[in-house]
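Derivation of every value follows stated rules applied to the coordinates shown; laboratory data play no part. None of these values were measured; they are calculated from a predicted model. Don't worry about glycine lacking a Cβ; one is built from the backbone with ideal geometry, like all the others, and counts go over all protein chains shown.
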Amino acid sequence: MTAALALLRRDIALAFREGGAIGVALGFYLVVVAIAPFGLGPDLNLLGRVAPGLLWIALLLAALLSADRIFHNDYEDGSLDILTMGPLPLAVVAASKSLAHWVTTCVPLALLAPVLGLLLNLPIDTIPLLVLAMLVGTPAVSFIAGIGASLTLGLRRSGLLLALLVLPLYVPVLIFGVSTISAAVTGPGSPWPPFLMLCAISLASMVLAPLAAAAALRTSFS
Amino acid sequence: MTFSLNTLANPSRFLSFAGAVIPWLTALTVILLAIGLYQAFFVAPVDYQQGDTVRIMYIHVPAAWVGMGCYALIAIAALGTLIWRHPLADVAAKTAAPIGAAFTLVILVTGSLWGKPMWGTYWVWDARLTSLLVLFLLYLGLIALWQSIEDPGRAGRAAAILALVGAINLPIIKFSVDWWNTLHQPASVFRIDGPTIDPSLLTPLFVMGAAFFALFILLHLIAMRAEILRRRVRVLQQTQVAQAALS
Amino acid sequence: MLGLGPHASFIIGAYAAAFFALGALAVAIVLDDRKQRRLLADLERRGITRRSAAKRRPAAAPTVTRTAP
């Protein structure tokens, strides 16, 4: 357990130290949301209606663009080889690295979302629910991205390929994440049923995705 | 003659099996397609609501059966690669992916052309079509992964993992799309099969279904044979280079 | 011909699209199959078989002369 925690702490520290990695993801999120009105028109009613979907989609893209970082740095300098031979099960290694991605990429994105929501005329009393839904749903994003990162390890154009492979798997997260906020914005219905589905998907991903990621890591080595 | 998957595990034996079966299967496919198309156009009655456009169903629905069945085949082949290490499992999976993608594309295009006269738009985000679109994207992902990894062994195992991840996700995706669709459904419910399927419409449907199934197996066998030969050719070309270098 | 109703162009379009898509798939697969068989026959004619590495040294002369006129 302490070994897994040590690995987690190391990855988080490295991500913060790696100049600009988190900042770039936040900047990308801001830029995408900022240019959206130029494409959609400045009508606040329209923007307010599409805000939940737009905020979630831009978050998914920003998280995916940082996803090949999950294993890549350690793969490059050989630390991943050492980790596969070490005492930790490879699934725990994959889980720890996915969790590090969640802490260093998805959580900051989720915390930036309120500001961007205001840009898109999201009602201010739905903002706490927005942050909560994103914090609860993004573990699924990070852990499924971990599967994609392990499958595309070391390949050319791995960023684009990873997005192509992983985005269809995000459909449930997107549907329930957006529905949670839309239900609070426009009604009808309560936001809690889709919210609970979001919790379930995140929990299931945290358990199952590392197994697939570990199997995929082994294919890159054997 | 009893054969199991193990009998066909030997590539050479598979090649001779394929060579024997393919001509008969071609004839069967042509006959079934001829009967099915004749029934679709001349025998099947006109639907009282949709008119003649219901004839599109005779391509759309059988293509859906094959498109979805093909993914099931790829998932089973993925288990074969990862668990039982069947030698031809990754060949089966690799060759099935483009075929499944093509059949799924047929579903989407015929569904779109069926939709335009029915409710005026070329695309509608109903639960069925949307789930099939996601299935098409999963096929594209598999094809992209196969093309991106050079080592066939690694490619086979990676694609198998992706296929299984997709297979596990498909029920969840289907459930969430159904849920999403009921949330956004307008008052009238459109069902692409039409309200009911009259029994007299069923016979052409099953004949076309059998024809598409035969077509799928035929194309898959030919593609598997081509893939096995391609691997042999590559090995022989490497031997040729080695011989030339040493002589 | 049979009257296909007011939406005949859609019906024909759907069948044509399916025919072309599946036809292109079938053509691509069959052409690939023929190409591989041709390449394999070509290599075997030149005497390179899967066992050729083993008999390379002693059989070097006969395999070369087989293609000589």
Using only Cα atoms, tell me the angle between helix A:21-40 and the longest principal axis of chain A; keep it within 0 to 90° and round to the nearest 10. 30 degrees
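Rg over Rh of the stretch A:113-217, using C-alpha atoms and the Kirkwood radius, what does it come to?
Details: Rg = 15.6 Å, Rh = 14.8 Å.
Radius of gyration over Kirkwood radius for the stretch A:113-217 works out to 1.06.
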From the phi angles alone, apply the Karplus equation (6.51, -1.76, 1.60; θ = phi - 60°) to the stretch C:28-44 and give each ³J(HN,Hα) in whole Hz, x where the residue is Gly or Pro. 4, 5, 5, 5, 4, 4, 5, 4, 5, 5, 5, 4, 5, 5, 4, 5, 5
Other protein chain Cβ atoms within 10 Å, averaged over every residue that makes up A:196-207: 1
May I ask you to sort B:174, B:94 by Cβ crowding, counting other Cβ atoms within 10 Å and putting the fewest first? B:174, B:94
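Determine, for the protein assembly as shown, the count of lysine pairs separated by eight or more sequence positions (or lying on different chains) whose alpha-carbon distance falls under 28 Å. Please report the intermediate quantities before stating the final value.
Numbers: B:94/B:174; B:94/C:35; B:116/B:174; C:35/C:55.
Value for the protein assembly as shown: 4.
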State the Cα centre-to-centre distance between the stretch A:169-211 and the stretch B:52-84 in whole Å. 29 Å
At what distance in angstrom do the alpha carbon centres of the stretch A:107-137 and the stretch B:198-232 lie from each other? 50 Å
With a ≥ b ≥ c from the Cα gyration tensor eigenvalues, square-rooted, and the rule rounded for a/c under 1.5, otherwise prolate when a/b > b/c and oblate otherwise, the stretch A:54-160 is prolate
If you line up the long axis of helix B:152-184 against the longest principal axis of chain B, both from Cα atoms, how many degrees apart are they, to the nearest 10? 10 degrees
If a/c stays under 1.5 just call it rounded; otherwise compare a/b with b/c (prolate if a/b is bigger, oblate if not). Do that for the stretch B:31-71, with a ≥ b ≥ c from the square roots of the Cα gyration tensor eigenvalues. oblate
Where does chain B land at 222 nm, in deg cm²/dmol rounded to the nearest 500, when only DSSP H runs of n ≥ 4 count, each adding -39500 (n - 2.57), divided by all residues? -26500 deg cm²/dmol
Longest principal axis of chain B (C-alpha) makes with the long axis of helix B:89-119 (C-alpha) an angle, in degrees to the nearest 10, of 20 degrees
Looking only at other chains, what is the average number of their beta-carbon atoms within 10 angstrom of each beta-carbon in B:232-238? 5
In a GNM of chain B with a 10 Å cut-off on Cα contacts, which of B:21, B:233, B:134 has the highest mean-square fluctuation? B:233
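Average partner chain C-beta neighbours within 10 Å, per residue of B:25-35? Write down the numbers at each step before the final one.
Values: counts 0, 0, 0, 0, 1, 0, 0, 0, 1, 0, 0.
Partner-chain Cβ atoms within 10 Å, mean over residues of B:25-35: 0.
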